[in-house]
Amino acid sequence: MPSSFVPVIGLEVHFELKTASKMFCSCSADHFHRPANTNLCPTCLGLPGALPVPNQKAIEMTALMALAVGAKINRRFLFERKNYFYPDLPKGYQISQHILPIGEGGAVPILLEGEYVAVALHDIHLEEDTAKLEHHGNEVWIDFNRSGVPLVEVVTQPVLHSAAAAKAYVKRIQQLVRWLGISNADMEKGSMRLEANISLAPQPGDGKKIKLPNYRVEVKNLNSFRFVEKAINYEIERQKRVWQSGQQPVQETRGFDPQRGVTFSQRRKEVAKDYRYFPDPDIPPLELTSTVIEKLKKQLPRLPWEEEKMWQEKYGFDWQLSQTLVANAEARHFWQMLVPRIKNRDQAQKIAKLIVNKPDRWQGKKPAQFWQEWQKEQSERLGGAQLAAIVAQVIEQETKAVADYRRGKVNVIGYLLGQVQRLTQGKADPQEARQLLEQKLAKNG
Ligand SMILES: [Zn+2]
């Protein structure tokens, strides 16, 4: 039995596309807030004889996603039948993609402790969503409104090694699909859902590659970022205990119970051959023409990680500032409207930090008004020798707080800063005041 392990994690992220109609029929794809079973037709109910007609818009959105992550586009692709029996699937199979998906490979850059790491993808494929099951006591009710809504699945390679990395990746996917305008990716509503495949590999020797384990545990029902992290951490600990007891964890599908924060066994995990995939005889192989691919390439905006790097290079932002700014749509929009007025790095950093940290200072304001107020404030800012004198005065008066600070209660610096602001009627430059305080407190110890 190995003494230490490396978690090996792969993720499958599903998101519903924001198309007008469903994947293979003309019913509305917007299935939220509708009375149950009012958004359907023979095709999405799986009635015999109904024929599927693929949604071109959904195919293009999937290809746009594939282009954004640098995947290889299969110009000729297939829809296949994935056979399994479950009440949410009226046909007894789901139309999906297996051997020729729209996108193969590619990578998604995430930020991990300030470093960009590329998460390698296996594929990006398009399928139809299933009906929704509701449990009422001993009864299960089926609502087919969601049945047939276009659903994209992005599958990673087993290249993630921590719950934190998995969470960062899922957040990045959500950001990206919203950025591309192809999905609302709302986890609370279920328009984005995910599954994690987790196993433990023996820690390889220095410079050696991780040897992939010959089992994996799939965890379902991870419908928030917090649950992703919790479930993965729980599973890592659970599998460690199984290994340490001298056994190998079994390949299975487990659910996650958010109340208890634990995973629980559901069933033996299927492998691809259990699904008996075969090309759907009702849908011929399809083709993405070069005209369509060229059109999509032109549509592709600057991507989130490209924009993060752009602010880092142009204005010297640290990765946290650029990441937070780019991730918050409202803040980013306001910032973009201010950029033409900004003259230098110092201004850029001060304004970006203000936008990220103090939304009340700009929300509901026009950029011109904000800019005027900010400039006025800057001109009245107290700094230099004047500020140093006031800081010295505060340190002399606040003997108790100063003594507390020097005993290690560094939080009192907030109180001391407050005193500086009181004496300056709030005009002290907060960053400069903090620096001065820290210098002086460290010096006369
Ligand atoms: Zn329909």
Per-residue ellipticity at 222 nm attributable to helices in the chain (runs of n ≥ 4 DSSP H, -39500 (n - 2.57) apiece, nearest 500 deg cm²/dmol) works out to -11500 deg cm²/dmol
Given backbone amide H placed at 1.01 Å from N, residues whose amide H is under 5 Å from that of residue 222, ignoring those fewer than 5 places away on the same chain, are 194
Entries of 171/343; 189/353; 353/376; 230/353; 298/358; 132/220 with Cα pairs more than 24 Å apart: 171/343; 189/353; 230/353; 298/358
Test of understanding: what is the full-extension gain from residue 298 to residue 366, defined as 0.36 nm times their sequence separation minus their Cα-Cα distance? 21.3 nm
Taking only Cα atoms and a 10 Å spring cutoff, compute GNM fluctuations for the chain and point out the largest among 65, 310, 23. 310
The stretch 209-304: Rg/Rh from Cα coordinates, Kirkwood Rh? 1.16
Residues of the stretch 215-236 with amide nitrogen under 20 Å from the 7 Å Cα-to-Cβ point of residue 262? 217-223, 227-236
With r defined as the distance between the Cβ atoms of residue 188 and residue 347 and R0 fixed at 45 Å, what FRET efficiency is calculated, to the nearest 0.05? 0.75
Please compute the contact order of the chain in relative form: average sequence separation of alpha-carbon pairs under 8 Å and at least six residues apart, divided by the residue count, as a percent. 15 percent
Which stretch or stretches of the stretch 78-109 have amide N atoms under 11 Å from the point lying 7 Å from residue 138's Cα along the Cα→Cβ direction? none
Can you pull out the GluC sites (Glu not before Pro) in the stretch 75-139 that DSSP calls coil and that have at most 13 other Cβ atoms within 10 Å? 113
If you average the alpha carbon positions of the stretch 50-87 and of the stretch 320-358, how far apart do those two centres end up, in angstrom? 38 Å
Residue 53 to residue 247: FRET efficiency via 1/(1 + (r/R0)^6), r the Cβ-Cβ distance, R0 56 Å, to the nearest 0.05? 0.65
Note: the stretch 386-429 at 37 °C, 0.692 mPa s; Kirkwood Rh on alpha carbon pairs; Stokes-Einstein D in µm²/s works out to 313 µm²/s
Which value in nm describes the separation of the simple spin-label points at residue 379 and residue 425, placed 7 Å from the Cα toward the beta carbon? 1.6 nm
Toy charge model, Lys and Arg Cβ at +1, Asp and Glu Cβ at -1: the stretch 384-443 dipole around Cα centroid in debye, rounded to 20, equals 180 debye
Enumerate the residues in the stretch 219-258 having an amide nitrogen under 13 Å from the point lying 7 Å beyond the Cα of residue 84 toward its Cβ. 219-221, 252-255
Which loop-located chymotrypsin sites (Phe, Trp or Tyr not before Pro) does the stretch 71-129 contain, where loop means any DSSP state but H, G, I, E or B and the Cβ has at most 11 other Cβ atoms within 10 Å? 85
With +1 on the Cβ of every Lys and Arg and -1 on the Cβ of every Asp and Glu, the dipole magnitude of the chain about its Cα centre, in debye rounded to the nearest 20, is 980 debye
What trypsin sites (Lys or Arg not before Pro) in the stretch 211-263 are in a loop by DSSP, with at most 16 other Cβ atoms within 10 Å of the Cβ? 211, 260
Based on the Cα coordinates of the chain, what is the per residue volume of their convex hull in Å³? 222 Å³
Could you tell me the center-to-center distance, by alpha carbons, between the stretch 222-288 and the stretch 145-187 in angstrom? 16 Å
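Where a number appears in this text, it was derived from the coordinates with a stated rule and is not lab data. Model, not experiment: these values are computed from the prediction. Backbone-built Cβ (ideal geometry, glycine too); neighbour counts: all protein chains shown.
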